[in-house]
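> Questions regarding the structure given below will be posed in turn.
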Amino acid sequence: MKKQHYQKEAYLFILPIYILFAVYIVYPIFFNIYHSFFKWNGVSSEKTFIGTENYIRILKDPVLLILIKNFFIFGFLTIVLQAVFGIILANFLVHGLKFAGFYRTIYYIPVVATPVVIGNIFSKIFETNRGHLNVTLRALGLDFLAKQWLADPKIALYCIAAVNIWQWTGYSMLVYYANMLNIPEDLYESATIDGAGDFTTFFKITLPLCRNSHFSLFILGALGTLKCFDIPYVLTKGGPNYATEFFSTYIYKKSFDLWDQGGSSTLVVIMFVFALIITFAQLRVYYRGNSEKELSA
Amino acid sequence: MKKSLGFRITGQIICIIFGFFTLYPLLLMLKRSFDNGGIGNYVKVLNAVNPIRNYLNSIVVVGATLVVVSIVLSLAAYAFSKMRFRGSKVLYFILLTGMMIPTSAMIFPLFQITKKLGMINEFSSLIGPYSAMNALFNLMILKNYYDSLPNELIEAAKIDGSSSFQTFTRVILPLSIPGLALVLIQTFLSAWNELQMGMTFINKPLKQTITVVPLRFAQTMQGSYPIEVTFACLTMTLLPIIIFYVFAQKFLIAGLTAGAIKG
């Protein structure tokens with residue numbers, strides 16, 4: 001048995017990252033918790049302690065309901081569709097399709113592309129009168145399909161989700177692709193000898209063995225929905241009438257347009273609770289699944 | 001294993017359709033940027049918002065971020081991977097929670113300090129938070145990479161009488177270049193593309209980073225130019241990152257598929 005030998009100098013190695021962590025993560029968290037109990041416009045030196053009044057006000061704010069609804073609709077749509085498209089593409093690319101490397105490179109371009117540019121391109125595409133989408137639809141004689149894409153509160157959120165899916169499918173593809181590279185080839189070979197077709201091997205082998213990827217994409221997608229800012233900010237600024245408001249855009253609006261820093265900080269705290277619940281719930285599901293898997297194996 | 005002909009044909013069709021949808025908006029932007037005026041649209045952008053200065057600003061901000069991240073992150077990842085110290089697990093997991101914090105939660109408090117320290121319009125107002133976010137976001141990736149390096153090398157260096165720091169700089173750092181490169185490419189992309197802080201902490205056009213240029217163009221110039229000029233502006237904004245991707249993609253995709261992304 002080895003004697004425990006601690007290296008005290010390790011604390012010096014982690015000191016720089018802890019300084020960054022303290023200044024840029026911990027301080028903002030406490031700043032927001034503290035100011036969620038104050039009435040403050042964010043500018044004046046006058047702050048009034050009002051206890052939980054901000055929380056009562058924000059919980060009664062009808063926009064909070066929209067934020068939560070949008071979080072679930074947007075999160076569900078983007079996570080599921082990005083995963084479905086991503087796994088289909090990865091499944092083709094990983095099995096020696098010609099030009100696979102070329103396709104992979106192409107699909108990943110949107111992931112690295114600057115979101116503010118993407119938002120601007122799509123805002124020109126979705127524009128009602130001279131936008132590319134409606135012009136094309138009219139040219140095809142499909143006038144009835146031409147909509148006020150971003151101005152109609154019923155469909156604007158779905159347009160933003162579509163842009164997000166366009167941007168992030170390449171990422172899901174790559175996560176699944178990396179995962180599939182680690183699935184042993186002989187599993188497929190023996191299944192094929194047993195007479196299993198492409199669909200059977202996909203559903204019986206590939207899908208279950210990509211479990212870790214499903215979960216990490218789920219977590220990243222949910223947290224990504226909380227972080228979602230650039231695309232809705234450029235496309236709709238949260239409008240029309242808060243229909244495409246996200247936590248991030250509304251917090252920003254409260255701080256910098258509505259001068260309601262108390263409310264903004266309160267929303268940040270609520271968003272934290274959200275993020276913690278999601279992470280915790282997902283980890284629980286994840287670990288329960290793991291132990292079941294071990295038992296059955 | 002060779003797949004059936006049907007599988008390969010379906011695969012090609014689906015991959016081409018997806019490739020088409022992926023490239024279409026970008027090619028549309030490129031094509032429209034040359035309509036009615038050709039290269040002249042780009043000259044108009046140069047005259048209207050002059051993004052050259054903003055490119056340089058982005059290069060300075062991102063360059064400084066890369067320097068800070070590579071130092072801070074390799075020290076921390078090395079300590080968490082290869083050194084024994086009390087509380088190392090807890091200290092590591094605390095840092096990982098930093099990954100889930102959205103920018104919108106940090107932005108007002110940081111705006112406040114920035115203002116109080118008189119750092120509005122200074123590059124340092126962006127370099128700090130970009131370094132922190134990217135160091136935390138990539139900690140797990142680099143630690144996992146260090147975990148894969150053999151401990152024997154460190155033992156050998158110790159027997160030769162190296163201190164921890166010497167072992168780190170002479171043995172580990174040279175070996176960690178592939179892992180570090182992936183992390184730095186990711187940092188480059190995320191810092192270069194960042195918008196929210198860039199548009200909040202810096203309001204002087206000459207000091208802004210390149211991502212803010214399309215917003216500035218839309219707010220001040222859009223009405224006075226046809227839409228093609230906007231597309232030229234967007235193309236110019238996107239161009240550096242596409243060039244960077246062309247050079248970095250082999251490395252980036254190889255790194256990401258080598259098991260660096262973990263659940």
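> Among A:Ser255, A:Ser213, which is the only one that is more than 23 Å from A:Ala151 (Cβ to Cβ), in contact with a Phe, Trp or Tyr (Cβ under 9 Å, 6 or more places away or on another chain), surrounded by 22 or more Cβ atoms within 10 Å (Cβ to Cβ) and at pLDDT below 90?
Numbers: A:Ser255 fails: at pLDDT below 90.
Sole residue among the options that is more than 23 Å from A:Ala151 (Cβ to Cβ), in contact with a Phe, Trp or Tyr (Cβ under 9 Å, 6 or more places away or on another chain), surrounded by 22 or more Cβ atoms within 10 Å (Cβ to Cβ) and at pLDDT below 90: A:Ser213.
> Tell me which of these A:Asn182 doesn't satisfy, since it passes every other one: (1) buried (at least 16 other Cβ atoms within 10 Å of the Cβ); (2) free of Cβ contacts under 8 Å to residues at least 40 places away in the same chain; (3) within 10 Å of another protein chain (Cβ to nearest Cβ).
Checking A:Asn182 against (1) buried (at least 16 other Cβ atoms within 10 Å of the Cβ); (2) free of Cβ contacts under 8 Å to residues at least 40 places away in the same chain; (3) within 10 Å of another protein chain (Cβ to nearest Cβ), the one that fails is (1).
> Let me ask another. Which residues, taken from segment B:26-40, are in a helix (DSSP H, G or I) and either under 19 Å from B:Thr209 (Cα atoms) or modelled with pLDDT under 90 (or both)?
Result: B:Gly40, single match.
> Counting only residues that are facing chain A (nearest Cβ under 8 Å), more than 19 Å from B:Ser190 (Cα to Cα) and among the hydroxyl-bearing types (Ser, Thr, Tyr), how many does segment B:70-108 have?
2
> While we're looking at this one, here's another question. Condition first: at pLDDT below 85 and more than 9 Å from chain A (Cβ to nearest Cβ). Now tell me which residues in segment B:226-257 satisfy that.
B:Ala254, B:Gly255, listed by residue number.
> Any idea which of A:Phe31, A:Phe13, A:Phe21 is touching a Pro at 6+ places or on another chain (Cβ under 8 Å), facing another protein chain (nearest Cβ under 9 Å) and among the hydrophobic types (A, V, I, L, M, F, W, C)?
Going through A:Phe31, A:Phe13, A:Phe21 in turn, just one is touching a Pro at 6+ places or on another chain (Cβ under 8 Å), facing another protein chain (nearest Cβ under 9 Å) and among the hydrophobic types (A, V, I, L, M, F, W, C): A:Phe31.
> Those residues that are touching a residue at least 60 places away in the same chain (Cβ under 8 Å) and either in a helix (DSSP H, G or I) or closer than 15 Å to A:Tyr27 by Cβ (or both), I need them from segment B:80-105; list them, please.
Within segment B:80-105, B:Phe80, B:Ser81, B:Lys82, B:Thr103, B:Ser104 qualify.
> Also, quick follow-up: More than 7 Å from every other protein chain (Cβ to nearest Cβ) and either free of Cβ contacts under 8 Å to residues at least 12 places away in the same chain or hydrophobic (A, V, I, L, M, F, W, C) (or both): does that describe A:Phe122? Quick ask: steps written out before the conclusion?
Details: more than 7 Å from every other protein chain (Cβ to nearest Cβ): no; either free of Cβ contacts under 8 Å to residues at least 12 places away in the same chain or hydrophobic (A, V, I, L, M, F, W, C) (or both): yes.
It is false that A:Phe122 is more than 7 Å from every other protein chain (Cβ to nearest Cβ) and either free of Cβ contacts under 8 Å to residues at least 12 places away in the same chain or hydrophobic (A, V, I, L, M, F, W, C) (or both).
Rundown of residues vs (1) facing another protein chain (nearest Cβ under 8 Å); (2) in contact (Cβ under 8 Å) with a residue 60 or more places away in the chain, yes/no style:
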residue: A:Ala156; (1), (2): no, yes
residue: A:Cys159; (1), (2): no, yes
residue: A:Asn164; (1), (2): no, yes
residue: A:Gln167; (1), (2): no, yes
residue: A:Val175; (1), (2): yes, yes
residue: A:Ala178; (1), (2): yes, no
residue: A:Asp186; (1), (2): no, no
residue: A:Ser190; (1), (2): no, no
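The values are calculated or read from the model by the stated rules, or taken from the named source; none is laboratory data. Just so it is clear, the model here is predicted, and its values are computed rather than measured. A quick note on method: Cβ atoms are made from the backbone with ideal geometry, for glycine too, and the neighbour counts reach across all protein chains shown.
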